[in-house]
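This report concerns only the one structure given below.
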Amino acid sequence: MLTKAELTREGDVNTSAHRETWVNCLAKESRELLRADEAVFMRQAMSTPCLNVIADARGCYITDKDGKQYLDFHGNSLHQVGYKNPYVLEAVKKQFDELPFIPRRYTADIAVQAASALIKKTRSREFKVLFTPSGAAAIGLALKIARKATGRHKVISLWESFHGAGFDSIAVGGEYAFNKDMGPLLAGCIKAIPYNGYRNLINSTCQQTVADFCLDYIEYIIKNEGDIGAILLEPIRATDTHIPPQAYFHRLRQICDQEGILLIFDEIPTALGRSGEFYVHQNFGVEPDILVLGKGLGGGLIPQAAVLTKAKYDCAQDISLGHYTHEKPAAGCAAICAALRYIDEYNLLENCRTQSALAAQYAAILCRQYDCIGDFRIAGLLMSFEIVKDRISKAKDAELAENILYYCLEHGLSFKISAGNCITWHPPLIVTPEQLSFAFDVFEKAIKGCMK
């Protein structure tokens, strides 16, 4: 497990000497705007003070105010179909012209189409939908549904997980950087050991042994705590790409079925094809009771999230679950429909799998050559390189990871650092072989340059 000090360094450090050096190299106008931004926005870790000033975002690229272009493998995990996708942009513009807003208590064709499109992507098609304006709000909605459906108020979630920055979502989240100094949080939230909690054993011990140990602990909690209504987890942890074996999910599904517990999957940053399947859980042959979506759901244009719940749990007609102003968002629904059509019509799942295989080949070469890459994990176009001092000790090397980040930024490649030392890439599904080749070339040069 991570120490408290490590948990405070979940992502890029925006107050480090590296950040100051980087900002000082930007043009005067950009530096002035960054200072103006800091003067009017609340400061917070991993966000403000900001890294740079962006003037444009298109396809796989962002362009800063100085005119420099970056291949963006970060994108807040929302650019599956690329930035400023013309197909999605046109659909949203058309929707604004025809019907910009649907008042609560009313519906429209576009809302039904969007919900139906998400349901049709599931294997069972036995779901109903609620929309929310954010992923964090969707997590709160999922927890409310679980309480109403089961009559139980406790939920098991995992240490090191991230489910959003709302007060209820940080209660079920496991990142210290988000709940530090927050005091008492939502009652009934119980943390269990994540599959990656024994990351140092996974390479040297049978994966299933580790998975069984973690699931044994979940069963121990259920037996001794009681009143568990839901288990919430990310099927693939987005921030540092940890991927449990398929048998983990089959047994977890069995546990939930035996105990009458709802299984909630948070796929907010990972769904819509990034894992190689449209929904992440489809890689593992199980289906959740509640599925939470967000980020790329709005096609990179509209803040949009959704909760898909098995139809048999449609039992809350006597209470208001969400009651959001934008409960059936016209523009958001248009973006959903357009993004899903674009993924299908342009065969982006196939492209994801093809480029994933290419990325795995590039990564295997780097892992053989450089001892500082302690582990490489990939599922579709979700990938992480764990930067360590050496492969024997597997000691985290956050300093080297940060050096690599700024070298890559200097040479036109943007990504994020997770868990202090994990270089995490989430390329858009439209990424090309040439763009992947460029990214790996810059990354290797960064390793060579930063290790001298």
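Rule-based calculations on the coordinates, nothing more; no lab input. All figures in this text were calculated on a predicted structure; none of them were measured in a lab. Neighbour counts are summed over all protein chains in view; Cβ atoms, including those assigned to glycine, are modelled from backbone coordinates with ideal geometry.
A few points about this structure:
- Taking label points 7 Å from Cα along the Cα-to-Cβ direction, residue 341 and residue 66 give a separation of 4.1 nm.
- Net length gained if the chain between residue 94 and residue 357 were fully extended (0.36 nm per residue, minus Cα distance): 90.9 nm
- Relative contact order, whole percent, for the chain stands at 22, derived from Cα pairs under 8 Å and 6 or more residues apart.
- Dipole of the chain, positive end: most advanced residue of 231, 450, 362 [Cβ charges, Cα centre]: 231
- Relative contact order (%) - the range 215-349, alpha-carbon pairs under 8 angstrom, separation at least six: 19 percent
- Taking only Cα atoms of the chain, radius of gyration then Dmax in Å: 21.6, 65
- Residue (of 372, 317, 169) at the positive-pole extreme of the chain, dipole from beta-carbon charges: 317
- Only beta bridges with both residues in the range 86-345 are counted; by DSSP, about 45 percent of them are antiparallel.
- Dipole orientation for the chain: of the candidates 340, 39, 130, 130 has the Cα lying most toward the positive pole (charges on Cβ; Lys, Arg +1; Asp, Glu -1).
- Straight-line cross-link reach from residue 312 at under 29 Å between alpha-carbon atoms covers these lysines, not counting any fewer than eight positions away in the same chain: 120, 121, 128, 144, 148, 154, 191, 223, 295, 328.
- Here the Kirkwood formula, the inverse mean of 1/r across different C-alpha pairs, assigns the range 86-345 a hydrodynamic radius of 18.9 Å.
- You can think of it this way: the chain between residue 311 and residue 410 has 30.6 nm of extra reach, that is 0.36 nm per residue less the Cα-Cα gap.
- Computed magnitude of the charge dipole of the range 86-345 (debye, nearest 20; Cβ of K, R +1, Cβ of D, E -1): 360 debye
- Judged by the ratio a/c of the largest to the smallest principal axis of the C-alpha gyration tensor, the range 334-401 counts as prolate, that ratio being 1.5 or greater while a/b is larger than b/c.
- Cα centroid separation - the range 156-190 against the range 385-423, whole Å: 26 Å
- Taking the range 86-345 and dividing mean pair separation by its residue count, relative contact order in percent (alpha carbons under 8 Å, at least six apart): 31 percent
- Here the range 433-452 is scanned for amide nitrogen atoms under 17 Å from the site 7 Å beyond the Cα of residue 399 along Cα-to-Cβ, giving 447-452.
- About the Cα centre, charge dipole magnitude for the chain (Lys/Arg +1, Asp/Glu -1 at Cβ), debye: 400 debye
- The C-alpha radius of gyration of the range 235-305, expressed as a fraction of 2.2 N^0.38 Å, stands at 1.15.
- The sum of -39500 (n - 2.57) across all DSSP H runs of n ≥ 4, divided by the residue count of the chain, sets its helix-only mean residue ellipticity at 222 nm to -12500 deg cm²/dmol.
- Rounded FRET efficiency, nearest 0.05, which uses the C-beta distance separating residue 364 from residue 209 and R0 of 30 Å: 0.75
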